[in-house]
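First comes the structure, then the notes that go with it.
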Amino acid sequence: MSQISLLQPPFPEQAGKELTWRHLSGSSTALAVSQLLKQQPRQILLVTTDTPSAYRFAQELKFYTPEYADEIQILPDWETLPYDNFSPHQDIVSERIRVLAKLPQQQHGILIVALNTLMHRLPPASFIAGHSLLLKAGEKHSLESLRMQLERAGYRHVNQVMEHGEYSVRGSIVDLFPMGTEAPYRIDYFDDDIDSIRQFDVDSQRSDAPINEIALLPAREFPTTPDGIELFRRQFREQFEALTAKESIYQQVSQGIMPAGIEYYAPLFFTETSTLFDYLPSDTLLLTHGDLQGQLRKLWHDLTFRYEDRRWDKQKPILPPMQLFMADEQIFQAFKQYPRIRLGVIEGQRSPGPIDFKTRPVSDIVIDGKQKEPLAKVQAHVEKAAAKGERVLFCVESAGRRESMLQLLGKGNIHPTEVESFSAFIESEYDLGIMISPLEHSFFAEISQDISLWLITEAELLGHRPPQRKRQDKRSAQQADALIKNLAELSIGQPVVHIDHGIGRYEGLTSLDAGGIETEFLTLEYDNNTKLFVPVSSLHLISRYSGGDQDKVKLSKLGNDSWEKARKRAAEKVRDVAAELLEVYAQREAKPGHPFTISEEDHERFAAGFPFNETDDQLEAINAVLSDMRKPRAMDRLVCGDVGFGKTEVAMRAAFTAVNDGKQVAVLVPTTLLAQQHYDNFRDRFAEWPVSIELLSRFRTGKQTSKALADLEAGKVDIVIGTHKLLQPDIKFNDLGLLVVDEEHRFGVRQKEQIKRLRSDVDILTLTATPIPRTLNMAMNNIRDLSIIATPPARRLAVKTFVREYDKATVREALLREILRGGQVYFLHNNVETIERTAENLRELVPEARIQTAHGQMGERELEAIMSDFYHQRFNVLVCTTIIETGIDVPSANTIIMDRADNLGLAQLHQLRGRVGRSHHQAYAYLLTPNPRRMTKDAVKRLEAISQLEDLGAGFVLATHDLEIRGAGELLGDDQSGQIESIGFSLYMDMLDEAVQALREGKEPSLDQLLKHRTEVDLRIPALLPNDYIGDVNIRLSMYKRIAGADSERELDELQIELIDRFGLLPDAAKNLFRIGQIRLMADPLGIRKIEVGPMGGHIDFADRTPVQPETIIAMLQSNPQRFGMEGSQRLKVREAFADTQERIKLVQSILMTLANR
């Protein structure tokens, strides 16, 4: 047994000889393998236990040896389950065929393959070679013979070539997308001669410079020629009986149709199949990683189970596993043909030829922000390494993270040098380095006699922060139990307003059995004793009635126009808000904005840093934004583009233009997680520029926030990204020039107006995936400018959407398909109360999955840790609520399952579906529903709309669908959900015209915000818990009831602390709610029935019995007759008030203190 350095790893020479490399810590395994790749003039096969490990090895090897990147290849898996009803995507088949075609000739390189891929039987090498064709410019090769060869090779004839394996013919031009190529080609014929061959772009269909030749590989892994089909038919009949049903696989293939899942019948197209080992050169060196024996047992167990489960379908008989896959003994027998290195020791298995490397793990180095000196451990580590002559290399994920890490380490006086590559650091003299790398696991290694290296990754430096299972779980459960009790605080017989149906009386909570599921309903009684049952999930449609004598209120009639008066009141409210909005827009039109100067040279350099090719739509949007910014009036542009279509880059170009011209930029996002992701993305994108970027969110400490605010005011911060914290009144900009609002529909109108009022001449750029009807109509009425990005990025695939009744088999299948290809799954279950039970059920259903839960009642830090772990693939199934609706971008998550999809709105469905399909893998969305009879008509319409609009770029179309389904809605109101259907679209248009006309005549509508009355205290100020602050309707209602029912200042303080703890800092409207609560506490003991004070005054109504002394009221009237007066014996008139909200609250508080003789 010997000790060896990593730069000279030993290897066995002869077939059947084995070595075991031991003590390889962290990412040092890939380092040792990379050195083998450098030194070995032969083919290496690396077998891993699963697909994620294969991709991780490929990433790490390319990091260590970028010069060999082209020779490091993966044989991709089909990404389907055995006996699946899906076929692998054409891009995957293309890559597989490319790798297999290249293998027999390849003399040097490394092929990485996951065990489940290695098991598959393959077409014989002779099939791929025999169906390949080399086409050269200038050679004679008739168009007709090319067409026949393409058909024989399995290419599909289409009108327009979009993906691998397709061709089209237009006169003398042939377009085709050969397997194994990055782009399609256009072949131009002159008679029977190939005149030219050019590459062309799928999106624009424009061709590039000519090339000399292209290699055509077969389009499938089996022949679709008449001979191949005949062989399939004969072998099928020998194995099963011939099937006559049209839909049977036998009849479909007989007609030349290759149905989905045909790959699991591939052996019937050949007399014999091959294995991957048949493609390899005889002197291949074999490396194996992980417990292959244990994994093979598991894979064969699953295979056998799926075979037994599916073999009884007579219309679709299936082949036995041995015909499709290699047995474990066959694989281990094949291993003996090659010299083999086992990478690591597997417990309970032999370790022949042990070789010990000088590496060890790195421990106890985490930066701990809670300590007085957070960097103490790192400092000690670096000092110790320097004393021993050991070098330290820090590894981070991206350029933005590098800048962040340099700042952080700088606080501990640690100043690493930036290096471009691992070899550059090894060859340099630097003791401390930092670089961008995909490595996740730290290690210490004696690289050679002269070099000892500590490689420290960002993940381990900052700590993984495993999700905590806090005591809070129990508390959440108790609160959930209390929700229904809180609902009962509405007193029986009290009138309530249902937005759609008018005024009814609350008759209590009723538990009804709806299709086998017990659901709580509010029972409302209308005129003529008609009843309406409203599910508790629709409580946002209900508000208390406070319009006069509650006992004499006239109830609405269901199904007629008795709700007309209430609708008029609603229309007035909407008109006020419309006028308020339009006033701001009119001011903006009239008031000059800042005409930005654009440096073309700088902008070109910044644009060159975008790692993708812009789509035409994206370029149009960018140019439109830059054109707006050049103008002397303020920009107000809405950019509508589907999720992941590149809206953020449009915002970044605008931000760069603003910052480059000396202005500040604010980016407003709806959630803390999205703020964090935007912050990271902006840091990355601006890493090479002297731009200061700050984050304002709940993830920042008070100290960090204070410094950021001071720097913002002083002009030291160029770009600030934040949640509703950006709307706090204490935020002062030095010179704000651009506001970017992301996911506009998640914000309240007034929240947006708040920041607009900071600077009327500020340019505004709004980004949205599904423009809600209100913004859509404004854009269409030319109040705002609109850009639509409808072109998907290259290689993005439409998400396959299935609407299915819930059943366990579908769920298991969907989860396994994604997990086995190394991907991740969102399982949406929008009920916090039962989310843990759902996760437990899924663990039992799919024990292979690593499952975590996430919901809005978790602490922010805990939620951040879970989402970060999901992003870094530390688990693969996230059971979550709609908190992910505007969540972080997880490219490896390509399946979403939505439980009870019938309860979700159309914009939500679209937004949630957009969480997946952000890479070039085929993504799937499963919308699970109850029995169709238990769904509302609207729900059925919504699900039909979402499943029909599978195309990429459907967001804009969905917004107009939304209008049809929900009616025009309250398009200019606070509620952006547009639920006041009775107002109608035409009325809204009339109101809009009226408000515009009023503005033209110079009658400026008041900017005072008229909100719904809150119980008996109405100060005409916004006092509510915004939807984007607490999304869950039940929790909102519960909180409303608890705030309204608080009996003491202390109870209100406790509630305030709880809200901040659970949901973050209070928005202004929520603060007002608590102030009204305080006023109510002051007024209750004084026997005051109602306080109604608006900007122009109001009144205070006393109950029949009040402890307030008449002398006190007389003294108030005498001392200030201009302000106070009496109307009758029980109403104190307040003739003067204040437009300013805070002043008004102080006025009411001072009146109450006077009445109480304090």
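Check the range 694-702 and report whether any residue there is closer than 30 Å to Glu420 by Cα and in a strand (DSSP E or B).
There is at least one residue in the range 694-702 that is closer than 30 Å to Glu420 by Cα and in a strand (DSSP E or B).
Would you confirm whether or not the range 887-897 contains a residue that is under 15 Å from the mean Cα position of the chain (by Cα) and within 29 Å of Glu1058 (Cα to Cα)?
Within the range 887-897, one or more residues are under 15 Å from the mean Cα position of the chain (by Cα) and within 29 Å of Glu1058 (Cα to Cα).
Name the strands (runs of 3 or more DSSP E) wholly inside the range 139-247 in which the number of residues that are among the aromatic types (Phe, Trp, Tyr) is 3 or more.
Working: elements: 166-170, 173-176, 185-190, 193-200, 207-211, 213-216.
The qualifying strands (runs of 3 or more DSSP E) are 185-190.
Pick from the range 925-950 the residues that are under 20 Å from the mean Cα position of the chain (by Cα) and among the aliphatic types (A, V, I, L, M): which of them is modelled with the lowest pLDDT?
Leu949
Is one or more of the residues making up the range 1118-1128 in contact (Cβ under 8 Å) with a residue 40 or more places away in the chain, farther than 29 Å from Gln751 by Cβ and not β-branched (Val, Ile, Thr)?
no
A quick yes/no check of all residues on (1) outside any helix (DSSP H, G or I); (2) touching a helix residue (DSSP H, G or I) at 6+ places or on another chain (Cβ under 8 Å); (3) under 27 Å from Thr29 (Cβ atoms):
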{"residue": "Phe63", "(1), (2), (3)": "no, yes, yes"}
{"residue": "Asp70", "(1), (2), (3)": "no, no, yes"}
{"residue": "Tyr83", "(1), (2), (3)": "yes, yes, no"}
{"residue": "Val99", "(1), (2), (3)": "no, no, yes"}
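Taking the condition out of contact with any Pro (no Cβ under 8 Å at 6 or more places or on another chain) and either in the same structural domain as Gly26 (by TED's automatic domain parsing) or modelled with pLDDT under 85 (or both), does Gln323 pass?
no
Among the residues of the range 847-866, is there at least one that is assigned to a helix (DSSP H, G or I) and either of a type in the set (Val, Ile, Thr) or at pLDDT 85 or above (or both)? Spell out how you get there, then give the answer.
Step one: list which residues in the range 847-866 are assigned to a helix (DSSP H, G or I), which gives 860-866.
Checking the rest, the ones that are also either of a type in the set (Val, Ile, Thr) or at pLDDT 85 or above (or both) come to 866.
The answer is yes; a qualifying residue exists.
Could you list, in sequence order, all residues of the range 801-816 that are within 16 Å of Asn931 (Cβ to Cβ) and among the hydrophobic types (A, V, I, L, M, F, W, C)?
Val803 - this is the single residue of the range 801-816 that is within 16 Å of Asn931 (Cβ to Cβ) and among the hydrophobic types (A, V, I, L, M, F, W, C).
Scan Arg297, Arg360 and give me the residue that is among the basic types (Lys, Arg) and within 30 Å of Tyr265 (Cα to Cα).
It is Arg297.
Select from the range 252-273 the residues that are surrounded by fewer than 17 Cβ atoms within 10 Å (Cβ to Cβ) and either free of Cβ contacts under 8 Å to residues at least 12 places away in the same chain or not in a helix (DSSP H, G or I) (or both) and list them in ascending order.
Gln252, Gln255, Gly256, Ile257, Pro259, Ala260, Thr271, Glu272
Taking the options Glu71, Glu60, Glu79, Glu13, name whichever one is touching a residue at least 24 places away in the same chain (Cβ under 8 Å), in contact with a strand residue (DSSP E or B) (Cβ under 8 Å, 6 or more places away or on another chain), among the charged types (D, E, K, R) and in the same structural domain as Gly353 (by TED's automatic domain parsing).
Only one candidate qualifies: Glu71.
Out of Ile1114, Ile1151, Ile1100, report the one residue that is touching a strand residue (DSSP E or B) at 6+ places or on another chain (Cβ under 9 Å) and either among the aromatic types (Phe, Trp, Tyr) or part of a helix (DSSP H, G or I) (or both).
Within the list Ile1114, Ile1151, Ile1100, the selection yields Ile1151.
Return only the number of the condition from (1) within 39 Å of the chain's Cα centre (by Cα); (2) surrounded by fewer than 18 Cβ atoms within 10 Å (Cβ to Cβ); (3) touching a residue at least 60 places away in the same chain (Cβ under 8 Å) that Leu343 does not satisfy.
Of the numbered conditions (1) within 39 Å of the chain's Cα centre (by Cα); (2) surrounded by fewer than 18 Cβ atoms within 10 Å (Cβ to Cβ); (3) touching a residue at least 60 places away in the same chain (Cβ under 8 Å), the odd one out for Leu343 is (2).
Could you look through the range 639-669, keep only residues that are of a type in the set (Asp, Glu) and touching a residue at least 40 places away in the same chain (Cβ under 8 Å), and pick out the one that is surrounded by the fewest Cβ atoms within 10 Å (Cβ to Cβ)?
This residue is Asp661.
I'm checking my understanding of the structure. Among residues of the range 903-931 that are in contact with a helix residue (DSSP H, G or I) (Cβ under 8 Å, 6 or more places away or on another chain) and part of a helix (DSSP H, G or I), which one is farthest from Gly646 (Cα to Cα)?
Taking the candidates together, the pick is Asn903.
Collect the residues in the range 892-911 that are modelled with pLDDT under 85 and aliphatic (A, V, I, L, M), keeping them in residue-number order.
Answer for the range 892-911, where residues must be modelled with pLDDT under 85 and aliphatic (A, V, I, L, M): Leu906, Ala907, Leu909.
On the given criteria, is Ile346 under 30 Å from Leu286 (Cβ atoms) and either β-branched (Val, Ile, Thr) or not in a helix (DSSP H, G or I) (or both)? Walk me through it before giving the result.
Working: under 30 Å from Leu286 (Cβ atoms): yes; either β-branched (Val, Ile, Thr) or not in a helix (DSSP H, G or I) (or both): yes.
So Ile346 fits the description; yes.
Which one of the conditions (1) in contact with a His (Cβ under 8 Å, 6 or more places away or on another chain); (2) not in a helix (DSSP H, G or I) does Ser94 fail to meet, given that it meets all the rest?
(2)
Which condition number does Ser1048 fail, the rest of (1) touching a residue at least 60 places away in the same chain (Cβ under 8 Å); (2) within 48 Å of the chain's Cα centre (by Cα) being met?
Condition not satisfied by Ser1048: (1).
Out of all the residues in the range 54-106, which are under 28 Å from the mean Cα position of the chain (by Cα) and among the aliphatic types (A, V, I, L, M)?
Ala54, Ala58, Ile74, Leu81, Ile92, Val93
Which one of the conditions (1) of a type in the set (S, T, N, Q); (2) farther than 28 Å from Leu726 by Cα; (3) modelled with pLDDT of 80 or more does Thr1015 fail to meet, given that it meets all the rest?
Single failed check for Thr1015: (3).
Residues to consider are Asp450, Asp473; find the one that is surrounded by fewer than 20 Cβ atoms within 10 Å (Cβ to Cβ) and at pLDDT 75 or above.
Every option except Asp450 fails the conditions.
Looking at Tyr250, Tyr264, Tyr189, which is the one that is of a type in the set (Phe, Trp, Tyr) and under 30 Å from Lys336 (Cα atoms)?
Going through Tyr250, Tyr264, Tyr189 in turn, just one is of a type in the set (Phe, Trp, Tyr) and under 30 Å from Lys336 (Cα atoms): Tyr264.
If you take the residues in the range 403-422 that are touching a helix residue (DSSP H, G or I) at 6+ places or on another chain (Cβ under 8 Å) and free of Cβ contacts under 8 Å to residues at least 24 places away in the same chain, which one is surrounded by the most Cβ atoms within 10 Å (Cβ to Cβ)?
Top of the filtered list is Glu418.
What are the residues in the range 177-191 that are touching a Gly at 6+ places or on another chain (Cβ under 9 Å) and buried (at least 22 other Cβ atoms within 10 Å of the Cβ), if any?
Matches in the range 177-191: Phe177, Pro178, Met179.
Tell me whether the range 39-50 contains one or more residues that are surrounded by fewer than 21 Cβ atoms within 10 Å (Cβ to Cβ), farther than 30 Å from Ile355 by Cα and without any contact (Cβ under 8 Å) to a residue 40 or more places away in the chain.
Taking every residue of the range 39-50 in turn, none turns out to be surrounded by fewer than 21 Cβ atoms within 10 Å (Cβ to Cβ), farther than 30 Å from Ile355 by Cα and without any contact (Cβ under 8 Å) to a residue 40 or more places away in the chain.
Quick check on this structure: which one of Asp328, Asp356, Asp364 is among the acidic types (Asp, Glu) and surrounded by 15 or more Cβ atoms within 10 Å (Cβ to Cβ)?
Of the residues listed, the single one that is among the acidic types (Asp, Glu) and surrounded by 15 or more Cβ atoms within 10 Å (Cβ to Cβ) is Asp328.
The values are calculated or read from the model by the stated rules, or taken from the named source; none is laboratory data. These numbers come from a predicted model, not from an experiment. Cβ atoms come from the backbone with ideal geometry, glycine included; neighbour counts cover every protein chain shown.
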